[in-house]
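Taking it in order: structure first as structure tokens, then the write-up.
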Amino acid sequence: MNIQRPEEECGVFGIFNHPEAANLTYLGLYALQHRGQESCGIVSSDGSALHAHKSMGLVADVFSNQEIFKNLPGRAAIGHVRYSTTGGSAIKNVQPIMVDYSRGSIAVAHNGNIVNAQMIKDELEAYGSIFQTTMDTEIIVHLLATSKASSLLDRLTDALGRIKGAYCLLLITETRMVAARDPHGFRPLCLGKLGESYVVASESCALDLIEAEFIREIEPGEVVFIDKNGITSNFPLKKVAPTPCIFEFVYFARPDSCIFGKNVYQVRKELGRQLAREYAIDADIVIPVPDSGVPAAMGYAEESGIRFELGLIRNHYVGRTFIEPQQSIRHFGVKIKLNPVREVLKDKRVVVIDDSIVRGTTSRKIVKMVRNAGAKEVHVRISSPPTSYPCYYGIDTPNRKELISSSHTVEEIRKYITADSLGYLSRDGLLNAVGTNNTDYCRACFSGDYPIEFPMLKPAPQLPLFDKELPE
Ligand code: AMP
């Protein structure tokens with residue numbers, strides 16, 4: 001069985017030394033729900049054994065009654081939310097992964113993507129390892145179990161020394177919690193404190209919800225051990241120049257979070273201001289595609305002096321499992337999620353702001369919707385550069401062929417989405433707006449410059465030529 005293609009968008013949360021560890025982990029996962037909606041799980045430790053509850057579905061549905069928490073006893077817990085493609089086999093891939101091995105029990109939750117997973121897996125299988133999931137995360141468990149080293153830190157160092165790619169890991173044993181971030185620091189991970197308890201979370205918004213104090217980010221390459229004696233920090237791996245993911249700022253992280261030393265909302269607003277400087281237009285109103293386009297639209301409106309309005313209203317209760325009627329009324333598409341406010345849009349020259357165009361199908365529907373609602377002109381502005389290359393480090397992007405800007409010019413895309421004009425933020429503009437602070441962000445999705453080569457799928461030049469046909 002092959003490892004699935006990289007598609008892990010995930011969130012992790014853990015707490016050590018709290019009487020309501022599982023309950024607080026549930027709340028933490030609730031705050032991280034935007035990082036993954038397909039499945040979730042919690043593993044707790046009561047000091048001598050691990051206990052798990054995990055399933056497909058949203059956090060509030062999977063942990064829907066108090067009985068579940070009675071089966072998650074103990075003062076430590078880790079949790080995971082996962083996004084991936086649907087499919088019958090998905091249930092076995094729900095995290096955290098828990099195993100019993102010769103040295104006890106261990107559970108692992110992982111955000112990111114290990115790029116040399118298939119190679120290591122083939123090797124481990126050749127030596128007799130039997131894999132139960134199709135997740136790259138399981139490799140870490142096998143490497144830990146097969147390491148000859150005696151301490152957990154040494155076994156983990158062995159394991160992490162073998163894997164390449166993006167990972168924020170949370171591990172729990174009967175007596176310890178461990179947090180690790182890959183040397184490139186692709187994904188965010190932060191450390192907090194709640195009274196005498198330590199908390200680790202993908203994003204600071206999860207600390208806010210449980211009123212934990214933000215202490216600091218877990219550093220790229222850092223492995224933090226938390227046990228009854230407190231916290232110890234280790235840097236067992238070779239140092240490299242960090243390359244945190246710039247797309248976390250553009251789309252993925254929540255605006256109220258602080259990641260990589262910056263508040264996401266402020267960065268997004270600055271992206272909008274920069275966009276207004278690069279692509280000014282005479283218009284009557286600026287509207288966001290909610291929710292991800294809102295801060296950038298506010299920035300664009302402020303900088304351009306064009307009035308900000310809400311011309312599209314989002315239904316927040318649309319789940320991933322929404323079932324459309326089969327026959328009579330078809331193709332609700334984006335209408336399920338967004339509805340135009342005709343009174344705002346009628347006879348207006350409208351600037352529509354979104355954070356990114358991936359396949360182009362959403363923008364096309366939105367432009368039609370805004371025009372049908374009476375807009376005189378529709379100008380689309382995107383608060384990031386064209387997304388032309390797939391992500392191999394943990395953001396779920398389609399393969400290169402499906403990324404509209406990999407094979408089409410801005411003018412071709414403008415025609416396809418039927419906008420009167422289209423402007424993307426420039427690559428320099430993106431960097432200026434984020435502010436580098438000597439950080440070399442991973443921008444592979446925009447530039448094709450991959451900080452770690454993907455061993456099986458080589459970057460752009462090796463990929464097949466793209467067909468020029470646009471989706472309907
Ligand atoms: P598309 O129709 O494929 O062009 O989708 C564009 C929309 O998807 C934009 O409104 C983005 O906010 C959103 N988006 C961008 N990146 C992702 C991602 N990795 N996963 C899910 N949605 C995304």
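Just a few scattered comments:
- Sequence-distant residues sharing a close amide H with Glu174 (under 5 Å, placed H): Ser105
- Inter-centroid distance (Cα atoms) of the stretch 28-83 relative to the stretch 217-281, Å: 25 Å
- The 1.4 Å probe gives accessible areas that order Glu303, Glu196, largest first, as Glu196, Glu303.
- Secondary-structure-derived ellipticity at 222 nm for the chain, considering helices only, amounts to -7000 deg cm²/dmol, per-run term -39500 (n - 2.57) for DSSP H runs with n ≥ 4.
- Here the Kirkwood formula, the inverse mean of 1/r across different C-alpha pairs, assigns the stretch 399-448 a hydrodynamic radius of 12.8 Å.
- In Hz, Karplus ³J(HN,Hα) per residue of the stretch 165-181 (6.51, -1.76, 1.60; θ = phi - 60°; x = Gly, Pro): x, 10, 8, 10, 10, 10, 10, 9, 10, 4, 10, 9, 10, 10, 10, 9, 10
- Per residue, the chain exposes an accessible area of 43 Å² to a 1.4 Å probe, with every protein chain left in place.
- Computed over protein heavy atoms with a 1.4 Å probe, the carbon and sulfur contribution to the accessible area of the stretch 10-242 reaches 52%.
- Hydrodynamic radius by Kirkwood, which averages 1/r over all alpha carbon pairs of the chain, in angstrom: 23.2 Å
- Global size of the stretch 10-242: 16.1, 48 Å for Rg and Dmax (C-alpha atoms, Rg to one decimal, Dmax whole).
- Surface share of carbon and sulfur [accessible, 1.4 angstrom probe, percent] for the stretch 332-419: 49 percent
- Summarising the strand pairing of the chain, around 80 percent of its internal DSSP beta bridges are antiparallel.
The values are calculated or read from the model by the stated rules, or taken from the named source; none is laboratory data. Every value quoted in this text rests on a predicted model; they were computed, and no experiment measured them. Just so you know, the surface numbers come from the protein's heavy atoms only, side chains and all, with ligands and any DNA or RNA stripped out. Shrake-Rupley method; radii C 1.70, N 1.55, O 1.52, S 1.80 Å.
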